[in-house]
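> Below you will find the structure I want to go over with you.
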Amino acid sequence: MLKKIIVTVSLTFTFINLNAQSFGFGCLGLVGGYGGYNYQQFQPGMLETYVNQFNVSSVATGGKQLDKFGKAEGYRLGLNFFRAKFSGFFITAKGYYQQLAESHDGSINSRAGVFNYDYDLKLKSWGVGLDVGIPIFNGLHWKILDGALLINSARLTETVNSFAGTSVQKFNNDKTELGYSVGSGFVVEVLKNYISVEGIVAYSYLRIDKMSTDENFQFKDLVDSPDANEPFIKSGGFNAVLQLNVGFPL
């Protein structure tokens, strides 16, 4: 699937170069920025295995169970390199940065006292992509296809508070993780050609393989009898974005 997206992006850029003279919005179209809310579902792998094992211990000692991970929220900030109108449709080339977060806490009781655990997961992505759409009627456009290639990273911060004090461990992904997003959406113009509100629904592929601290302590070492081949996050899922676009003519 990733190869197909790369081919599609390459062909579209070739098409744009061949048809540069047909841009609307003046000479070359619009350039501008955007920002908004981002919601991402994902399927945890070893992270879920760890949460399940934590909850077994928590129930056995009368502590507080951890909620399962899989729904992160945050923001997206980006740049529309250009948004150009052709005959009957528009096309946009863009890049963006997004940060998502999800946090849960739990506790385990012992004879020595209560151990309180806080887990803060942050997912960061850099993306570059294209979208193609058509006007439905004045002020409303349908984005038929919205596609992007992503570079993903993750950090899980474990904070433990107990009678002995506070300890913190930060786990980061061991290598660069590639992903993609494919979806569709609508653009509502607030000020024609310059300010618009955009909504996108998509599927985002997200996989994070191994996680470790700077001291090379592996996340899998927190798990009893771990499956060495199980990724920290095994797949992505539903993604929704609501953003405000601001454009300027080139």
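The values are calculated or read from the model by the stated rules, or taken from the named source; none is laboratory data. Please read all numbers here as calculations on a predicted model, not as lab measurements. All Cβ positions, glycine included, derive from the backbone under ideal geometry; neighbour counts span all protein chains shown. For accessibility, only protein heavy atoms count, side chains too; no ligands or nucleic acids. Shrake-Rupley method; radii C 1.70, N 1.55, O 1.52, S 1.80 Å.
> Picking from ASP146, ASP120, which residue would you name as being over 19 Å from ALA240 (Cβ atoms), out of contact with any Phe, Trp or Tyr (no Cβ under 9 Å at 6 or more places or on another chain) and in a strand (DSSP E or B)? Working first, answer last.
Numbers: ASP146 fails: over 19 Å from ALA240 (Cβ atoms).
Only one candidate qualifies: ASP120.
> Check LEU145, LEU130, LEU149 and return the single one that is aliphatic (A, V, I, L, M), touching a Gly at 6+ places or on another chain (Cβ under 7 Å), touching a residue at least 24 places away in the same chain (Cβ under 8 Å) and open to solvent by 30 Å² or more (accessible area, probe 1.4 Å). Quick ask: steps written out before the conclusion?
Details: LEU145 fails: touching a Gly at 6+ places or on another chain (Cβ under 7 Å); LEU130 fails: open to solvent by 30 Å² or more (accessible area, probe 1.4 Å).
The match here is LEU149.
> Also: On the basis of being of a type outside the set (Ser, Thr, Tyr) and part of a strand (DSSP E or B), does GLY88 make the cut? Outline the logic, then answer.
Numbers: of a type outside the set (Ser, Thr, Tyr): yes; part of a strand (DSSP E or B): no.
No; evaluated as a whole, the condition is false for this residue.
> Looking at region 65-116, which of the residues that are touching a helix residue (DSSP H, G or I) at 6+ places or on another chain (Cβ under 6 Å) and open to solvent by 40 Å² or more (accessible area, probe 1.4 Å) is nearest to LEU145 (Cα to Cα)?
LYS68
> Please give the strands (runs of 3 or more DSSP E) falling wholly within region 154-231 in which 2 or more residues are under 23 Å from the mean Cα position of the chain (by Cα) and of a type in the set (Phe, Trp, Tyr).
It comes to 177-191, 195-205.
> Same structure, new question: Could you tell me which residue of region 152-174 is nearest to PHE217 (Cα to Cα), considering only residues that are hydrophobic (A, V, I, L, M, F, W, C) and open to solvent by 60 Å² or more (accessible area, probe 1.4 Å)? Give the derivation first.
First pass over region 152-174, keeping only residues hydrophobic (A, V, I, L, M, F, W, C): 154, 156, 160, 163-164, 168, 171.
Then keep just the ones that are open to solvent by 60 Å² or more (accessible area, probe 1.4 Å); that gives 163-164, 168.
Working: PHE163: 24, ALA164: 21, VAL168: 13 Å.
Within region 152-174, the match that is nearest to PHE217 (Cα to Cα) is VAL168.
> Select from region 200-234 the residues that are open to solvent by less than 30 Å² (accessible area, probe 1.4 Å) and small (Gly, Ala, Ser) and write down the one among them that is farthest from GLN98 (Cα to Cα). I'd like the intermediate steps shown before the answer.
Restricting attention to region 200-234, the residues satisfying the condition of being open to solvent by less than 30 Å² (accessible area, probe 1.4 Å) are 200, 202, 204, 206, 208, 211-213, 219, 223, 231-233.
Going one step further and asking which of them are small (Gly, Ala, Ser), we end up with 202, 204, 212.
On the way: ALA202: 15, SER204: 13, SER212: 22 Å.
Only one residue fits best here, namely SER212.
> Could you check region 137-161 and list, in sequence order, the residues that are among the polar types (S, T, N, Q) and at pLDDT 95 or above? Working first, answer last.
If we filter region 137-161 for residues that are among the polar types (S, T, N, Q), which is where we start, we get 138, 152-153, 157, 159, 161.
If the condition is that a residue be among the polar types (S, T, N, Q) and at pLDDT 95 or above, then ASN152, SER153, THR157, THR159, ASN161 are the ones that fit.
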